[in-house]
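Input: a single structure, listed below in structure tokens.
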Amino acid sequence: MKFFVDTADVGEIRELNDIGLLDGVTTNPSLILKSGRDIAEVTKEICDIVDGPVSAEVAATDFDGMMKEADILGKIADNVCIKLPLTMDGLKACRAITQGGQQVNVTLCFSANQALLAAKAGATFISPFIGRLDDMAIDGMELIEEIRTIYDNYEFDTEILAASIRTVNHVKEAALLGADVATVPPATLKALVKHPLTDKGLDAFLADWAKTGQKIA
Ligand code: E4P
């Protein structure tokens, strides 16, 4: 499973990339707002840090506007992945942009039929929003499972990018169900390493090691 980080915080991205954990980055207008940065400037900085796809989202809602904004965003760096909403205009733009050779992440997916349409439009990634479905008492993981089955049935190349991840269990369940990618907030990504028995075990080993009086040198 590939890991993308879901943030426009350059400090967090640099830290996780230095660990070697990052395969890409996703941003959205809310994350750009939170960063307080200019979209072109921060996207360029992120693209210089991370080798993989960096999703930058259009704000236009009509086909022509999306194409114009995609052109501007696409010129920021070679690894910019254009993020488009799951609307008819978004699907039309997806087809046009992917035919031109650029990667597209179709976002705000909440149903298997929407995911089917995105795959037919040639999307590189489909982003089902797990957490936002869970918020409405709908099991977001069922959607991942349904999309996996449909994409496998028809051998679509579109990668399932599990999004709106809120917990470490979301990551595990998405991985078990065969999502290709998870885009995860920095704190959740860091929490994946935590286990109380790891900490307890390490403390005990270090205490015993100190008693040996040895040094590895
Ligand atoms: C995905 O690309 C989105 O940026 C993100 O995962 C949305 O997450 P949220 O529902 O926590 O805002």
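No lab work stands behind these numbers, since they all come straight from the coordinates. Quick caveat: nothing in here was measured; it's all calculated off a predicted structure. In this analysis, Cβ positions are derived from the backbone assuming ideal geometry, glycine residues included, and neighbour counts consider all displayed protein chains.
Helix 39-49 and the longest principal axis of the Cα set of the chain meet at an angle near 50°. Listed by chain and number, the lysines whose C-alpha is less than 23 Å from the C-alpha of Lys211, apart from same-chain residues fewer than 8 away, are Lys200.
Viscosity 1.002 mPa s, temperature 20 °C: what is the translational diffusion coefficient of the stretch 60-146 from Stokes-Einstein with a Kirkwood Rh over Cα pairs, rounded to a whole number of µm²/s? The estimated diffusion coefficient comes to 162 µm²/s.
Measuring between alpha carbons in the structure, the pairs from Lys83/Lys120; Lys34/Lys194; Lys2/Lys194; Lys172/Lys194; Lys68/Lys92 lying more than 21 angstrom apart are Lys34/Lys194. Remark on Cys81: its backbone amide H falls under 5 Å from those of Val54, Ser55, Ala56, a criterion applied only to residues 5 or more positions apart or on other chains, H modelled at 1.01 Å from N.
Extension gain, Asp157 to Lys44: 0.36 nm times the residue separation minus the Cα-Cα distance gives 37.9 nm.
Helix 63-74 and the long axis of the chain differ in direction by around 40°, with both axes built from C-alpha atoms.
For the chain, the equivalent ellipsoid built from the Cα gyration tensor has semi-axes of 35, 22, 14 Å, listed from largest to smallest.
Multiplying the residue separation of Asp134 and Asn169 by 0.36 nm and subtracting their alpha-carbon distance yields 11.3 nm. Measuring between their Cα centroids, the stretch 151-217 and the stretch 23-92 lie 27 Å from each other. The sum of -39500 (n - 2.57) across all DSSP H runs of n ≥ 4, divided by the residue count of the chain, sets its helix-only mean residue ellipticity at 222 nm to -15500 deg cm²/dmol. For a modelled paramagnetic label at Lys92, 7 Å from Cα along Cα-to-Cβ, the residues of the stretch 46-70 in reach, with backbone nitrogen under 12 Å, are 61-67. Label separation (Lys120 vs Arg14): 4.6 nm, computed from points 7 Å beyond Cα along the C-beta direction. Just to verify a number: FRET efficiency for Ala59 and Asp199, C-beta to C-beta distance, R0 = 45 Å, to 0.05? Result of the calculation: an efficiency of 0.55. Within the stretch 180-201, find all residues whose amide N lies under 15 Å from a label point positioned 7 Å from the Cα of Ala210 along Cα-to-beta-carbon. Flagged as within label range: 200-201. For the chain, the longest principal axis of the C-alpha atoms and the axis of helix 88-99 are separated by about 80°.
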